[in-house]
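Reviewing the structure listed below.
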Amino acid sequence: MNGKISSFQSLGTLDGPGLRTVVFMQGCPLRCICCHNPETWDFNVGMTISADDLVEKILRYKEYIKDGGATFSGGEPIYQAKFVAEVFRKLHDNNIHTCLDTSGCIYNDDIDELLNNADLVLLDYKYSTDEAYKKYVGCSVSAPTYFLEKLEEKNIKTWIRRVIIPKINDDDFSYSDIENMKKTHSCVEKIEYLPLSLLCKEKYENMGIDFPVEHLFE
Ligand code: SF4
């Protein structure tokens, strides 16, 4: 089976526990205003790679990632759920820890099967209201809410992540809402707050589009 990836990071420390290879999958239908990887949006570009070749590429780093693992990010990996599930199964055959970084914007049988092969999910729960989700992401808040319920049902270890954007999701309600998720869901191991960064600005410039939150840095 083949999949489409945008890039491959041999060793990273920011996406899950320990030292990890990070695979950035190609394609995402959302348009988050703080997206750091706009180059991953287009479903029609990217590098095609087979599951076997990708596993082999990851296993080259096995010695370094033995206390970490492999994280699949994006883009949105759940749009290539069958492919990622196959890679995860093969990684498990080689005792590699698997982690899925997702917005949780859709759910279907393929994603259900993918989750059965994930040791950890980083759920990017971006905002606390439907209004903000529709305005700044492009889907309803009911999507990640449902995704989180499935993670709870399946008892999959989950880290909830949120990029904090001044004046948009740094209010008391947003903080208490996300902290409550930890209290009400036993699958949630921790909450990670991430800073908004300008590092991706050049990517937007190269694509000839504005970085929507650049004005917050002025
Ligand atoms: S879901 Fe991820 S890749 Fe897609 S637009 Fe949002 S931040 Fe970017």
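Read-outs throughout are calculated quantities, based only on the coordinates presented, and are distinct from any laboratory measurement. The structure presented is a predicted model; accordingly, all values stated were derived computationally and were not measured. Here the Cβ is made from the backbone with ideal geometry for all residues, glycine too, and neighbour counts use every protein chain on show.
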Taking the Cα centre of the chain as origin, work out the dipole magnitude from +1 charges on Lys and Arg Cβ and -1 charges on Asp and Glu Cβ, in debye rounded to 20. 300
Specify the inter-centroid distance of segment 106-121 and segment 1-16, based on alpha-carbon positions, in whole Å. 17
What distance in nm lies between label points placed 7 Å from Cα along the C-beta direction at ASN155 and GLU214? 4.9
Across LYS135/LYS182; LYS57/LYS190; LYS167/LYS190, pairs whose alpha-carbon gap is larger than 28 Å: LYS57/LYS190
So in the chain, what percent of DSSP beta bridges are antiparallel if you round to the nearest 5? 25
Give me the one-decimal nm value for the distance between modelled label points at ASP93 and MET207, 7 Å along each residue's Cα-to-Cβ direction. 3.5
Can you run phi through the Karplus equation (6.51, -1.76, 1.60; θ = phi - 60°) for segment 37-47 and list ³J(HN,Hα) in whole Hz, with x for Gly and Pro? 10, x, 5, 8, 5, 5, 6, 9, 10, x, 9
The chain: Kirkwood hydrodynamic radius (Cα pairs, Å) comes out at 17.7
Over the chain, what is the relative contact order in percent, taking alpha-carbon pairs closer than 8 angstrom and at least six residues apart? 18
